[in-house]
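Worksheet: one structure, shown below.
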Amino acid sequence: MKHIITFAGTNSKNSINKQLAVYTSGLVENAEVTVLDLNDFELPIYGIDYETDHGIPDNAQKFIEHIRSSDGIVLSLAEHNGTYSTVFKNIFDWMSRIDGKLWSDKPMLLMATSPGARGGTTALDIAKSRFPYMGGNIVADFSLPSFHDNFSDGTMVNQELKTQLLEVVKSFQNSL
């Protein structure tokens, strides 16, 4: 059985991206899933002066260990002002100080959603262009537009999008 981690790139307690990530990871067959929450890995804002004076915080070490010990990653990015959220960028920055290839070449299903029709595609596109330089092995990606119209009661209600997601999950699963 493969072990995957899943999380949303946000600290919102009611995150639609977390709902999507958890739902999607549940579609992966023969996998043990660990759901991570960025709220459990609180970190100071990254700065070289802080790092010099205090070193790398334990929570950054703990988070990167989850990545390293997994067989794959399901990540759904929240989009804030056309890029990923500050809390995600911060943990990303801290982990990059531990290991420049922080994603450890683990197979990754990268996603985004938003209430709007673009479904977080701007943040998704930024990540798809940046993560490979940081050890990101993005084997599949998916954007869910208009979350509240297409996802309800813990499931995908738009059948066309659900079919697309199942194909993406299959690609991810085959890479594990």
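The values are calculated or read from the model by the stated rules, or taken from the named source; none is laboratory data. It should be emphasised that the depicted structure is a prediction, and the values quoted were computed from it without experimental measurement. Counting neighbours? That spans all protein chains shown, and the Cβs are built from the backbone with ideal geometry, glycine included.
Listed values, structure above:
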read-out	value
In segment 129-176, residue surrounded by the most Cβ atoms within 10 Å (Cβ to Cβ) [restricted to those that are of a type in the set (D, E) and at pLDDT 95 or above]	D141
Scope segment 110-136; condition in contact with a strand residue (DSSP E or B) (Cβ under 8 Å, 6 or more places away or on another chain), farther than 20 Å from Y23 by Cβ and either β-branched (V, I, T) or part of a helix (DSSP H, G or I) (or both); matching residues	T122, I126, K128, F131, P132
Residues that are closer than 17 Å to D153 by Cα and either part of a strand (DSSP E or B) or of a type in the set (V, I, T) (or both), drawn from segment 1-35	I16, V22, T24
Matching residues, segment 1-18, being closer than 12 Å to V74 by Cα and surrounded by fewer than 21 Cβ atoms within 10 Å (Cβ to Cβ)	H3
Long-range neighbours under 8 Å by Cβ, at least six apart or interchain, first residue free of Cβ contacts under 8 Å to residues at least 12 places away in the same chain within segment 20-40, second surrounded by fewer than 20 Cβ atoms within 10 Å (Cβ to Cβ) and of a type in the set (A, V, I, L, M, F, W, C)	G26/V33
Positions within segment 27-62 being small (G, A, S) and either loosely packed, with under 15 Cβ neighbours inside 10 Å or touching a strand residue (DSSP E or B) at 6+ places or on another chain (Cβ under 7 Å) (or both), in sequence order	A31, G47, G55
Criterion (aromatic (F, W, Y), part of a loop (DSSP other than H, G, I, E, B) and over 16 Å from the mean Cα position of the chain (by Cα)) met by exactly one of Y50, Y46	Y46
Flag if F142 is assigned to a helix (DSSP H, G or I), within 13 Å of the chain's Cα centre (by Cα) and hydrophobic (A, V, I, L, M, F, W, C)	no
Every pair of residues 6+ apart whose Cβ atoms lie under 8 Å, when the first sits in segment 64-86 and is touching a residue at least 24 places away in the same chain (Cβ under 8 Å) and over 23 Å from F172 (Cα atoms) while the second is surrounded by fewer than 22 Cβ atoms within 10 Å (Cβ to Cβ) and of a type in the set (K, R)	T83/K89
Segment 63-82: number of residues that are buried (at least 16 other Cβ atoms within 10 Å of the Cβ), hydroxyl-bearing (S, T, Y) and either in contact with a helix residue (DSSP H, G or I) (Cβ under 6 Å, 6 or more places away or on another chain) or assigned to a helix (DSSP H, G or I) (or both)	1
